[in-house]
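*Asks:* One structure is given below, represented as structure tokens, and several questions about it will come after.
The values are calculated or read from the model by the stated rules, or taken from the named source; none is laboratory data. Worth saying up front: this structure is predicted, and the values here are computed from it rather than measured. Note that each Cβ is placed from the backbone with ideal geometry, even for glycine, and that neighbours are counted across all protein chains shown.
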Amino acid sequence: MEKLTISTQPIAGQKPGTSGLRKKTKVFMGPHFLENYVQAIFDGIGGVAGAVLVVGGDGRYFNDRAIQVILRMAAANGAAKVIVGKDGVLSTPAASHLIRKNKTEGGLILSASHNPGGIDADFGLKYNGPNGGPAAENVTDKIYAATQTLTEYRIIECMDIVIGAIGTQSLGAMAIEIVDPVTDYAALMEELFDFGAIRALFDSGFTMRFDAMHAVTGPYAKEILENRLGAAAGTVVNAVPLPDFGNGHPDPNPIWAKDLMDLMMGPDAPDFGAASDGDGDRNMIVGRGAYVTPSDSLAVLTANAHLAPAYKKGLAGVARSMPTSAAADRVAEAMGIAHFETPTGWKFFGNLLDAGRATLCGEESAGTGSDHVREKDGLWAVLLWLNILAEKRISVSDILTAHWATYGRNYYSRHDYEAVASDAANGLMDALRTALLDLAGKSVGELTVAMADEFSYLDPVDGSTSAGQGIRISFTNGARVVFRLSGTGTEGATLRVYLEQLELDPAQMNRDPQEALAPVIAAADELAGITTRTGRAAPDVIS
Ligand code: G1P
Ligand code: ZN
């Protein structure tokens, strides 16, 4: 076993985004690319000598090869121990939990989340810190700086390490502990939720389908839902994780989880449907005939979390990303708890969770979570819904209707324009930036602007500021539109337009969302000139 120091070139321009670094798989597979990035992470966090790290990924194409490189580099860089999920597999929330439970110096998660997997698709790598959450901006800045100055990396030359069997082995002076990916996570879920009550719900004839989308949550969902909670065999579908996710797009929303949606809207719908994404941090919740938007889900969970043992004392507060609808704020205000509006990306929730100021967090992009880990957590959200349903014994649809009657309904939709030329997208945002300076009070179509600004976040815990987090324009009638460019796309720019309309009249709460949002959709186009600037007559994805 030989320790090598390999001279290399910096990989300038590789700035980790809100979810680590995501690139085409072939980029990561290119000569020295992965190695350089891993060394930049190690250097950026101040070295890993003597450190314990967690390593695992969503099992996508190249996951297995990348883990071999990471282990050999961790050993060459002097790490004391690496905890690895068997076969290199760990869902993102399970990795977050292992980092916290074992009080490690952090971990490396191999995933491009909901992006397709395969040699011609996407791969990703991110570093999570000792709190189990995505690295804070000052850390990713240091990693980025290291990518630009790096001249060498360290790696051990050796045979492949066997990661398919549970147990501990050594690689030079470093220990490698292979753990079952599910065990610790399932135990945590049993602590948080009333498994007895959920089991009784299933015993009473309650039916469910969970679509694992051929991604990482298959084994987790099978163990927890079918083995421990007594859901019928076959409740979990697409349960075997595949390197290319069965050629699918493992993003749990009505578009990509269409089979599940069709089932839930059809005559043979079970009581409850749910899905999770590539790495297990996103969730989709759908009742019989009733899709629950992620923004509404966060609001419903905030209002009802006390029905689950972990949250029975109530919540410290609830945090949502800025583009997420204000539905959760309305609940928080009614309950007299704090609510926070943070920039997009889970890392901004970390400080609030660490400081005990928020207990639940959520994003409109199907991410929901709590202070049990420092990532959003797909199965956790499903289990909290099940726990609530087990206590209430009413349908998802009835829960929504009652919720809206109490708090109002925030109609919500996101329109995405994908692979737009970067110049056109930046031009559109620049023009909005200039325009918003004197928008307040102006009328746009049938709406009147109440407030317009570019969101800048002052972190109430550490006092740091994050500017340029999206343009928000709210109207006097309770409507709002937000414009921002995606930070996770791998091709050109993706323009996201987030649309919202508060409705307080119970007679108007069952409209088609696109119809209810029509005036604000029109105002968004008028304000930003979307069609003119991007050449797109309609969004690529409406969710
Ligand atoms: C997207 C979502 C965002 C989420 C991120 C990582 O980022 O919009 O809410 O945190 O993926 O899952 P975006 O592409 O919008 O930058
Ligand atoms: Zn994900």
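*Asks:* Give me the residue from the range 500-517 that is in a loop (DSSP other than H, G, I, E, B) and buried (at least 16 other Cβ atoms within 10 Å of the Cβ) and, out of that set, nearest to ligand 2 (Cβ to nearest atom).
*Replies:* Out of the qualifying residues, it is L517.
*Asks:* Residues in the range 270-296 that are within 16 Å of ligand 2 (Cβ to nearest atom) and either out of contact with any Pro (no Cβ under 7 Å at 6 or more places or on another chain) or among the hydrophobic types (A, V, I, L, M, F, W, C) (or both): how many?
*Replies:* Qualifying residue count, the range 270-296: 6.
*Asks:* Scan (1) touching a strand residue (DSSP E or B) at 6+ places or on another chain (Cβ under 6 Å); (2) modelled with pLDDT under 95 for the single condition A136 breaks and write down its number.
*Replies:* (1)
*Asks:* Can you name every residue in the range 467-499 that is part of a strand (DSSP E or B) and more than 15 Å from ligand 1 (Cβ to nearest atom)?
*Replies:* Result: I473, S474, F475, A479, R480, V481.
*Asks:* Filter the range 203-222 down to the residues that are under 20 Å from M284 (Cα atoms) and surrounded by fewer than 20 Cβ atoms within 10 Å (Cβ to Cβ) and list them by number.
*Replies:* If the condition is that a residue be under 20 Å from M284 (Cα atoms) and surrounded by fewer than 20 Cβ atoms within 10 Å (Cβ to Cβ), then F206, T207 are the ones that fit.
*Asks:* May I ask you to list the residues in the range 518-542 that are in a loop (DSSP other than H, G, I, E, B) and surrounded by fewer than 19 Cβ atoms within 10 Å (Cβ to Cβ)?
*Replies:* G529, G535, R536, A537, A538, D540
*Asks:* List the pairs whose first member sits in the range 508-527 and is on the phi < 0 side of the Ramachandran plot, whose second member is part of a loop (DSSP other than H, G, I, E, B), and whose Cβ atoms are under 7 Å apart, counting only residues at least 6 apart or on separate chains?
*Replies:* P519/G445; P519/E446; A522/G445; A523/G445; E526/G445
*Asks:* A further question on this structure: Against the condition modelled with pLDDT under 95, closer than 25 Å to S543 by Cβ and within 16 Å of ligand 2 (Cβ to nearest atom), how does G345 come out, does it pass?
*Replies:* Yes.
*Asks:* What single numbered condition from (1) part of a strand (DSSP E or B); (2) touching a helix residue (DSSP H, G or I) at 6+ places or on another chain (Cβ under 8 Å); (3) crowded, with 19+ Cβ neighbours inside 10 Å fails to hold for L4?
*Replies:* (3)
*Asks:* Y127 fails exactly one of the following numbered conditions: (1) within 16 Å of ligand 1 (Cβ to nearest atom); (2) of a type in the set (F, W, Y); (3) more than 23 Å from S466 (Cβ to Cβ). What is the number of that condition?
*Replies:* All conditions pass for Y127, except number (3).
*Asks:* I would also like to ask the following. Which residue is surrounded by the most Cβ atoms within 10 Å (Cβ to Cβ), if the candidates are limited to the range 123-149 and must be charged (D, E, K, R) and either under 15 Å from the mean Cα position of the chain (by Cα) or within 17 Å of G13 (Cβ to Cβ) (or both)?
*Replies:* This residue is K126.
Every residue, every condition in (1) within 30 Å of I198 (Cα to Cα); (2) within 16 Å of ligand 2 (Cβ to nearest atom); (3) not in a helix (DSSP H, G or I), yes or no:
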position	(1), (2), (3)
E391	yes, no, no
Y411	no, no, yes
R414	no, no, yes
Y417	no, no, yes
N426	no, no, no
R433	no, no, no
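*Asks:* Restricted to the range 63-121, and to residues that are within 19 Å of L21 (Cα to Cα) and assigned to a strand (DSSP E or B), which residue is nearest to ligand 1 (Cβ to nearest atom)?
*Replies:* Going through the qualifying residues, I end up with I109.
*Asks:* Please pick out the residue among D271, D281 that is in contact (Cβ under 8 Å) with a residue 60 or more places away in the chain, of a type outside the set (G, A, S), within 23 Å of D194 (Cα to Cα) and within 16 Å of ligand 1 (Cβ to nearest atom).
*Replies:* Criteria check complete, one pass: D281.
*Asks:* Continuing with this model, one more query. Condition (residue is of a type in the set (K, R) and away from ligand 1 (no atom under 16 Å from the Cβ)) applied to the range 381-397: is it met by at least one residue?
*Replies:* Within the range 381-397, one or more residues are of a type in the set (K, R) and away from ligand 1 (no atom under 16 Å from the Cβ).
*Asks:* Of the residues G367, G317, only one is small (G, A, S) and within 16 Å of ligand 2 (Cβ to nearest atom); which?
*Replies:* None of the others qualify; the one that does is G367.
*Asks:* Pick from the range 251-275 the residues that are in a loop (DSSP other than H, G, I, E, B) and of a type in the set (A, V, I, L, M): which of them is farthest from the chain's Cα centre (by Cα)?
*Replies:* By that ranking, first place goes to A269.
*Asks:* Can you tell me how many residues within the range 276-295 are under 26 Å from F245 (Cα atoms) and outside any loop (DSSP other than H, G, I, E, B)?
*Replies:* Of the residues in the range 276-295, 10 are under 26 Å from F245 (Cα atoms) and outside any loop (DSSP other than H, G, I, E, B).
*Asks:* Also, quick follow-up: So how many residues does the range 104-125 have that are at pLDDT 95 or above, within 14 Å of ligand 2 (Cβ to nearest atom) and closer than 14 Å to P93 by Cβ?
*Replies:* 2
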